[in-house]
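Below is one structure, written out as structure tokens; comments come after it.
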Amino acid sequence: MRTIVITGGTDGMGAALAHHYLTAGDRVVAIGRDRAKFETLVAKASATGGGDAGPPVAARAEFLAADLSSVAEARRTVGRLTERHPRIDALVLAASFVRRRRHLTPEGHEASWALFFLSKYLLVTGVAPVLAAAARPVVVNAAVPGARPDAIDFEDPGMATGFTFARSNAQQRRANELLGVLATGLDPDLAYVTWGPARLVRSGFAGEFGTAARLGVTVLGGLLGQRPATAVRPLVRLLDDPAPGRAAYRGGTRRPLAAGPREAEECARLTALVEATL
Ligand SMILES: NC(=O)c1ccc[n+]([C@@H]2O[C@H](COP(=O)([O-])OP(=O)(O)OC[C@H]3O[C@@H](n4cnc5c(N)ncnc54)[C@H](OP(=O)(O)O)[C@@H]3O)[C@@H](O)[C@H]2O)c1
């Protein structure tokens with residue numbers, strides 16, 4: 001039985017993956033804020049059945065409540081994971097809360113940077129020892145690959161000046177690619193995949209969109225969006241047959257890794273920046 005940890009495992013694509021692995025007989029740790037969503041997910045997976053020879057779904061499903069835009073809660077989550085699980089086979093980073101505007105957390109971090117990068121940095125580096133205990137460890141980071149190599153504002157990552165949704169989004173995506181360079185540098189056996197769906201997915205769309213944008217994503221998602229269970233099929237293949245090293249995918253299509261001429265320097269700067277921040 002594998003242990004699969006999924007941030008954002010209570011809704012959208014994270015929940016679709018959680019359902020898949022619970023019905024396949026694996027242990028799933030879902031991280032999110034809403035226990036009621038988790039209980040609905042477990043009830044659905046129990047009704048579907050699966051993993052017939054092993055323990056029942058409810059005995060293999062664990063919920064960790066955490067607001068991952070909080071650095072303190074991300075650290076506590078790492079502590080809980082490493083205490084409870086001597087081996088983690090797969091870590092899926094799919095927690096999402098879209099903010100079109102700059103927002104500071106009570107800890108003073110820009111909220112999107114904290115949720116979409118700082119927490120991921122803490123999780124990937126913090127659970128590295130128990131990931132290394134897996135035969136074929138894999139991290140899938142749902143950060144759409146392909147951001148410009150110069151997208152990180154090293155002087156002002158919280159974007160006190162010049163915040164736009166597009167800049168903030170590109171910055172976290174690039175930082176998550178560099179996180180893969182760091183993680184696979186520390187453990188060459190680790191598979192680290194940055195992944196985005198091939199097209200819009202009819203998910204929970206967690207976030208503060210504003211009325212017009214909310215209407216837009218709901219209508220477009222309803223008309224054109226893929227079902228989460230369909231969107232994650234290529235992810236299941238990547239999680240079930242991981243290849244050591246870095247890779248980038250949109251849906252099931254491999255994309256080139258955006259290397260950039262100064263990647264090693266950028267990684268060192270990013271590490272120094274994060275360690276000074278946290
Ligand atoms: N949907 C798309 O078309 C699309 C397109 C491109 C990329 N993506 C990426 O794919 C991934 C999954 O997206 P999705 O649309 O499937 O997600 P979603 O349905 O909006 O669900 C978001 C998940 O994140 C959790 N979450 C939100 N804020 C959190 C916080 N502060 N701390 C901890 N957990 C939090 C939610 O759990 P609780 O409610 O329990 O807190 C929920 O499980 C994300 O990384 C997203 O950026 C999605």
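Separation of the range 235-278 from the range 40-83 is 26 Å, based on Cα centroids. So how far apart, in nm, are the two label points at Leu278 and Asp241 if each is 7 Å from Cα heading toward Cβ? In this crude label model, Leu278 to Asp241 measures out at 3.4 nm. Computed per residue of the chain from DSSP H runs no shorter than four, each worth -39500 (n - 2.57), the mean residue ellipticity at 222 nm is -13000 deg cm²/dmol.
In the context of the full set of protein chains, the range 185-231 has a per residue accessible area of 54 Å² (1.4 Å probe). Once the C-beta distance of Glu263 and Ala53 is scaled by a Förster radius of 45 Å, the resulting FRET efficiency is 0.45 to the nearest 0.05. Taking Ala191, Ala264, Ala134 as the candidate residues, the one with maximal mean-square fluctuation in a Gaussian network model of the chain, Cα springs under 10 Å, is Ala264. Two tests apply to each whole DSSP H helix in the chain, Cα reach of 15 Å or more along its axis and mean Kyte-Doolittle hydropathy of at least 1.0, and the ones passing both are 211-224. With springs connecting C-alpha atoms under 10 Å apart, model the chain as a Gaussian network and identify which of Val57, Val98, Val140 has the largest mean-square fluctuation. Looking only at Val57, Val98, Val140, the largest GNM fluctuation is found for Val98.
Tell me, rounded to the nearest percent, the portion of alpha carbon pairs in the range 8-74 spaced more than 13 Å apart. Value for the range 8-74 (Cα pairs over 13 Å): 57 percent. Per residue, the accessible area of the range 80-155 comes to 42 Å², computed with a 1.4 Å probe over protein heavy atoms only.
Treating each Cα of the range 147-278 as one equal point scatterer and applying the Debye formula with no solvent, the log10 of I(q)/I(0) at q = 0.15, 0.18, 0.21, 0.22 Å⁻¹ comes out as -0.91, -1.15, -1.26, -1.29. Atom-type composition of the exposed protein surface of the range 3-277 places 55 percent of the accessible area on carbon and sulfur (1.4 angstrom probe). The range 148-211 and the range 2-26 have their alpha-carbon centroids 22 Å apart. Dimensions of the chain based on its C-alpha atoms, expressed as ranges along the principal axes with the largest first, amount to 54, 45, 37 Å. Of all the options Ala183, Ala128, Ala212, the one that moves most in a Gaussian network model of the chain with Cα springs shorter than 10 angstrom is Ala212.
The values are calculated or read from the model by the stated rules, or taken from the named source; none is laboratory data. On a predicted model such as this, the values are computed, not experimentally measured, just so you know. Cβ atoms come from the backbone with ideal geometry, glycine included; neighbour counts cover every protein chain shown. Protein only, heavy atoms only, side chains kept; ligands, DNA and RNA dropped before computing areas. Shrake-Rupley method; radii C 1.70, N 1.55, O 1.52, S 1.80 Å.
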